[in-house]
Structures are given as C-alpha cells and as structure tokens.
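To start, the structure itself, in structure tokens.
The values are calculated or read from the model by the stated rules, or taken from the named source; none is laboratory data. Just so it is clear, the structure is predicted and the values come from calculations on it, not from any experiment. Glycine also receives a Cβ, built like all others from the backbone with ideal geometry; neighbour counts cover every protein chain displayed. For accessibility, only protein heavy atoms count, side chains too; no ligands or nucleic acids. Shrake-Rupley method; radii C 1.70, N 1.55, O 1.52, S 1.80 Å.
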Amino acid sequence: MLASAPPSWLQALRRKLLLITAWVTLTVLLWPALIGRDILGFRDMLHNYAPMRELFWQGQISLWNDRGFGGSSILADLVQQPFYLGQLLMRAIHAPAWPGISIRLWIHEVLGMAAIWRLLRRFVPPDAAGIGTVAFGLCGFSLANFSNPQWVCAQMWAPTVLLAADAWAVEGGFARGCLLAVCLPQPLLAGDPLLCALLGLTSAAWVVDRRTRPLSRIAAEGALIVAAAAVIVSPQLVATLRALPSFARSVGLPRSVREQWSLHPARIAELFVPRMFGPLFNDGFWGQFTVSPPWQRNYIHSIYAGAIGPALVATAVWKQRRNALPWVLLACATLMLSLGDSFFHLYGRLGDWIPPLAVFRYPQRIVALFAIAWAALLALGAAGIGELPRSRRLALGAASFALGFAALAATAALAPSPSSAAVWRSAVQLAIVCAASLGALMLPSRYAGAAIGLVLIADLYAANAELLGLLPRAPLLNPPAACEALDAARGQRRIHSFRVYVDQDALSTNVPRDWEAVRIREYNYGKRNLLEVCGYRETVSLSSLDPADQLRLWREVSPLRTLRVMGTRFAITVPESAQWFGGAVRYTDPAWHFVVVELPQAEPLLFRPERVEYISSADLPAVARSRPELLETAVAALDAPALPHAYDPTSELVSFIDDGDEMHFRVRQSGPGYWVVAATLDRDWVVQVDGAPAPFIRSDLVRRAIWLPAGEHRVSLKYVPTLPLALFAVSTVLTIILVVLGLRLLPQQSSRTPGAAI
C-alpha cells in the first residue's frame, strides 16, 4: 500500500524551512531588545538615533526641530525619514524608542528576507533560495547595520525593488508596474538616497537583460513607472534640495572625507572568515590597519557571510554561468565602489565627475547591494552543487575552507600586531564549520541543501551575534545625569530660554576601557542628542549636517563667540577644560567626570540691539575677527540695508513664547527698530506683525531680525512648509492608489498572458 503524500501545508512549510529558521534565529538574536530588556547601543544609536526617534515618535518635535543647532527643518533631514510611511506610523501610535526601534528593524529585516527569498525562488529551488536568504539576512553587514536604523530600512527594500523589477520585466502587466513604481522610491524615503540611485541603475540594467517584450515598449512603460516614482519621492527631494544650500555638506565633501570608511582589501576575506580581526567591542581587535584614520575600529564591523561561501560561488559560476553572470557583474561593480580609496579612488572620482555624488560618504554602505549579489550567487551555487558527485562536492567544500584558513593565516602573518587568541578563535570556528559543512555535503542531494543551510545559520549566529551591540537597558532608564545637573544649574530660568553646548572632544578623553562603561558614561554626560529628550536645546555638534553658517563662524571667527551668538548659557565639559569657557562652574559630577559651566554674560534668544549695521553675510566673519563688539547684543549686523533703528533703552519685551515651530512675542518700544531672534529660520517661516505679513532678514549670519515701528506690537512666527506638505499629500494618495490597483489586479494578470504595464 502506497504511503499518502504529506499535507500541502506541511509541504509548504518544508519548502520554507530555511526562511522560517532564519526568521526564528533573528528573533532569538534580537529577543532581549524586542522585549525591552536590552537596547541596541552601538555606534550612533544610543546618543543619536534613539533620542531622535523618541522625540519624533512621541510628537515632542514638530516639523521644525528647534532642539538641535539653531533650528532646522525635520522635512529636509533624510535621517529623520519624515516622508517614510513606516516612520509616520510609529509617530501616529506614539511608539516609544525602546523597544520600538528594535521591533521596527526586526519587521524590516523579516520582510527583507521574505522579499529576497521570493526573488531567489524565481531562479532556484526552495532550499537553495533559503541559503541565499540566510546569507543576506544574517550576514555581518546586515546585522552590523542595525546601528544605523535608516540604512537597515533602506537595505531591506533593496530585494523588494529587484523582485518588483524582475516581475515586471518578465511577466509585465499594469499591476506589476504599479508595484514597481511604489517600491523604487522607498530606499530614498527610508533614508539612503545613494542606495536608491544605485538600485535604480541596477534595476534598469536588470530589466533590459530580463525583458520579454521589445525594448521600445519597455522604455515607454518604464518612463511612466519612473514618473510615478518621482511623484512619490518628490516631497523629500524638494524639501532636502531646498534646504541643502544651508548645510555644510552642500558644497561637497573632500575626497578624503568621502572615502572615509572604505572597505580595506584585507577585509574581503571577512566574507568567509568568521570574526577575522577578533572581538569587535572589547580588547582583542587587531584590525586597526583596515580602518580609516583617526578611528580605531571599522564602521561596518564585519561582512561575514559564511565559510562555505567560496565553494557555492565557484559552483554557481561553473554550473549556472548564464544565471550567475548578472550577479557576478553586480558583485564586482559594488565591491569596487565599496573599496573606495583602495581601488584607484573610483568612489571618490565619481564624486569629482558627478557633483551630486560629492555629498555622500561611507563607501562601505554600498555593500548593501553586494550582499544581495553574494547571496544570489550562494543560492545559485547551492542549486548546482547537488548535481555534482559526492566526491566533487567534498572537494569543493574542502577547498573553500582551505581558502579560509589560508586567508586567516596570511592576514595574521602580514598584519601588524595580530591577536593570537583572536586568530585561534576564528580558526576553531572554521574547523567546526568545516566538519559540519562537509558532513552536510555528504548527505543525499535532496537533504544536502537544507543541511548546508542549517549549518550556515549556526555559523552566522556564532560569528555575528555580537554585532547588534546589545546593552542592558536598566542603567539607562533614568534621564542622563547631565539633565539633572542642568536642572540644578539653571535655577528659575525657563528651559527654552537658552541653549547648551556639550564639549564632546574633551569628554571623549580618558574614557573607560570597557565598551559598556563607555556607552553608559556617554549617556550620562549627554552626548549628541540626549539632552534634547530632557527638553534642552543644544548648540552645535560640528558635523557635515550642521548649518554651514554656524560652522563658518566656528572656524573663521571663534568657537566661544559662536556659542554666545547662538544663545548658549551652559556648557558641559571635563573639569580640566572648564576655564576655557571663562565662566563659573555651577555643578560638578564626580561620578561621570563632568562639570556644568555657565558662560559669562550669556546672550538672550530674543533682544533689541542698541544699533544696527549693514554688513553682508559673506563679509561678516572677516569683519567680526577685527571687531569684538559684533556677534554680541549691542550691535546687529544685518545682511541688507537697515530701516530706521533708534537707540531705545526703554524698549521692553513683554512676553515671549517659543514652541519650536512657532514663536509669539509682544514688545513695547518708543522708537522704531529691529528685534533679533537667535534662530536660523528658513524661507518657509511666515512672520506676522499685528496680524499683517512682515519680512525678516538675516542678522549676524546665524540670527534673524524683524523690524517693528514704534509702539506696542504682537509678533507671530510660524513654520509653514506648504510646498513639501502639498507634494506629500499628492505622493500619499498616489502611493495608496498604486498599491490598491497593484494588489487587486495582480491575481487577475497572473492567470493571463503578460500585458501592458503602468
């Protein structure tokens, strides 16, 4: 009697065994963070992205962020993902940063693995697709990228874009065109315009290679798809491009800066050598020669994708050359760009030749596309290796591990100061994985694929688990100690009546050796955006995203004068640097080794100067160096010829309310003149004086001045970004329409011959 066939649901489960196991493994890795016990504390997450998400999701920061620098538009900041619907959903439900960030990244990773599994299933059997999915989702690059939440979101859209492009190229149809138009702009909306551009070029080449219709028809349909995608992405493009001239990055970054964090050639072996340079956070890391000076660690800490990789890639090129060729080309192109200054400065030269590319840095980010190509080659190899005799399979596997041992030994021999303990640890894992993989290759073909995939999951788990950088949340539940210190120092002063400066360079010296201790100390002295969660406004962080005018004053005039002109009252620094600020120490924290210094004669955020002068913004830094009275409160340097301004010692600021994206104040003065606000308001701010529209002009490069006639007046300033918000309304409606049409029509078109696209 013949045995009955397994139920259909069981067969479906078996086909997705590796995909489901990869999901479970990811969940186990993230579980402490998913339940809120731990947080993702590595790189900029703790002190930058976490407070940023907390403030935005809780609705405490409106469309204008008044807490960082002198104020800036949230809409222009790609890192904030202001037009990404996934981000707006988190704001709508007022999600907390923890565990909200971890849950959101977990969802993106799960969906990204599902998308690449579907993409690979178009070329290979289920187990082979599962191996590629595991290599993509659990590789070192994907897990290390969790410290940059916007990059993870964008990276996980990449396989979805390629899946949609392949489906439209091969099957065609209006529905698939709609879905491709929706997918194409998502990496940019999620925060990575460079990946979006590279994906667009890759998708175009892929469609040309895989098309089943005449090229002229593909071009016509593709033009409509690109037009729809452009409308969807238009609010972000418009908001960012309008604000870009005000950023320091707008003039482009020097090649040396653009190519920081290039992928060192020695790190290519990381693809198949686990923990190649030792522990990533604590002592034992010996790969400093692969790092861009002056840093001591890699930005993306590992790209490990499994020791069996070379054997599977070799099989793919050998047995499935036609299918493998596009992925080989993509892998080579993206790897060359990722190498940056180590490959003839190709990445830097492109920025020289194509000016818009000059604003991007971190070539290692391009590994996001390389990871997909490598995963696809592993999948193709896994599909082909089962066709080989057992002896040849074992030979390929042995050769792969021999390559790993050789790469590790050669790097350790040639590199300065290798850690013998770290090298031995990598060698032991290689030996264990080698034995397990060879055992899997000895199984019958119908079992070998699943077995290799399970070994790969265990291999990646053991090598890459620490890349998440989990920190216990308990020591970070209370507000930073710097917030309590500022509360004690400010007395009765309103929290929104001044700004604070955190002297990060000084505070970064004499740090503890333990990685967790370093993070906890940074949290408590208020590094980067952490003080903003407590309601404090910060002055400058000196990055390429700072307003260009602030950086110009800082570099060309004086850091201390820049702090004063921005209305900074308190500075947090180490006790040894307190005297540089010339003020009084108001609070000392011996536990975290910082002090709060009150700057002398702190300038208010709103004042009426004694007199005004016309000095253009272009000339102001040079003039200010020779005239100390400038950039204070007595003289306002206006960037346009001045209206009548009389000295009026009796003028009075009756009231002042500053809510971030709007300000209201009432003044009383006996003569006409200017009132100056220490904020870098942009063109979308609307001023009304007694209910009537009025202009403002640039003052002191980083402040804004409003002229008022004699008498008592009520002034309102509101941030009204009409154009980006109008475009966002159109973009959202179009997105919803395309998604609905795509999902409703796709089942109908799947049963018909390929037809017209969007």
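Region 89-146 and region 212-265 have their alpha-carbon centroids 24 Å apart. Classify region 263-419: rounded, prolate or oblate, from the alpha-carbon gyration tensor (a ≥ b ≥ c, eigenvalue square roots; a/c under 1.5 rounded; otherwise prolate if a/b is larger than b/c)? Verdict is oblate for region 263-419.
In order along region 547-561, phi translates into HN-Hα couplings of x, 4, 5, 5, 5, 5, 4, 4, 7, 9, 10, 5, x, 5, 5 Hz, rounded to whole numbers, per the Karplus curve 6.51 cos²θ - 1.76 cosθ + 1.60 with θ = phi - 60° and x for Gly and Pro.
By the Cβ rule of 4.7 Å, the chain holds the following cysteines without a possible disulfide partner: CYS139, CYS153, CYS178, CYS183, CYS196, CYS332, CYS434.
Between the entries [x] 28.8, 107; [y] 28.2, 89; [z] 33.1, 96, the label attached to Rg and Dmax of the Cα atoms in Å calculated for this structure is [x].
Normalised by 2.2 N^0.38 Å, with N the number of residues, the alpha-carbon radius of gyration of region 460-505 equals 1.90.
Annotation: average projected area of region 446-548 is 11.0 square nanometres, based on the convex hull of Cα atoms across all directions.
Taking the protein heavy atoms of region 491-576 in the context of the full set of protein chains, the accessible area attributed to carbon and sulfur is 48 percent at 1.4 Å.
Evaluated over the Cα positions of region 593-685, the convex hull gives a direction-averaged projected area, one quarter of its surface, of 8.7 nm². The residues ARG122, ARG267, ARG249, sorted by heavy-atom accessible surface at 1.4 Å with ligands and nucleic acids left out, run ARG122, ARG249, ARG267 from largest to smallest.
The C-alpha atoms of region 198-319 occupy a region whose extents along the principal axes are 56, 53, 22 Å, arranged from largest to smallest.
The alpha carbon centroids of region 639-678 and region 469-528 are separated by 35 Å. The alpha-carbon positions of region 87-145 define a convex hull whose volume is 87 Å³ per residue.
Any chance you could give the angle, 0 to 90 degrees and rounded to 10, that helix 321-339 forms with the longest Cα principal axis of the chain? Taking Cα atoms only, the helix is inclined about 30 degrees.
Near the amide H of LEU599, within less than 5 Å, lie the amide hydrogens of PHE570, ALA571, all on another chain or at least 5 residues away, with H placed in the peptide plane. With distances taken between every two different alpha-carbon atoms, region 572-617 has a Kirkwood hydrodynamic radius of 13.0 Å. Dipole magnitude for region 242-342: computed about the Cα centre from +1 point charges on Lys and Arg Cβ and -1 point charges on Asp and Glu Cβ, it is near 380 debye. Projected over all directions and averaged, the alpha-carbon convex hull of region 55-165 occupies 7.9 nm². Please label the shape of region 100-191 as rounded, prolate or oblate, based on the square roots a ≥ b ≥ c of the eigenvalues of the alpha-carbon gyration tensor (a/c under 1.5 means rounded; beyond that, a/b larger than b/c means prolate, else oblate). Note, shape of region 100-191 comes out oblate. Against the chain, whose longest principal axis comes from its Cα atoms, helix 193-210 is set at around 30 degrees. Counted over all Cα-Cα pairs of region 144-226, pairs farther apart than 17 Å make up 43 percent.
Here the peptides 557-564, 364-371, 78-85 are ranked by packing, the mean other Cβ count within 10 Å, and the order with the highest first is 364-371, 78-85, 557-564. Using bins of 10 Å that start at zero, the share of Cα-Cα pairs per bin across region 632-675 amounts to 21, 44, 34, 0, in whole %.
In region 547-597, the inverse of the mean reciprocal separation of distinct Cα atoms equals 11.9 Å; this is its Kirkwood hydrodynamic radius. How large is log10 I(q)/I(0) at q = 0.16 Å⁻¹ when the Debye formula is applied to the Cα atoms of region 369-424, each weighted equally and without solvent? For region 369-424 at q = 0.16 Å⁻¹, log10 I(q)/I(0) is -0.72.
Quick check on region 500-584: take the gyration tensor over C-alpha atoms, sort the square-rooted eigenvalues as a ≥ b ≥ c, and tell me if it's rounded (a/c under 1.5), prolate or oblate. The shape class here is prolate.
Using every pair of distinct Cα positions in region 31-70, the Kirkwood expression returns a hydrodynamic radius of 11.5 angstrom.
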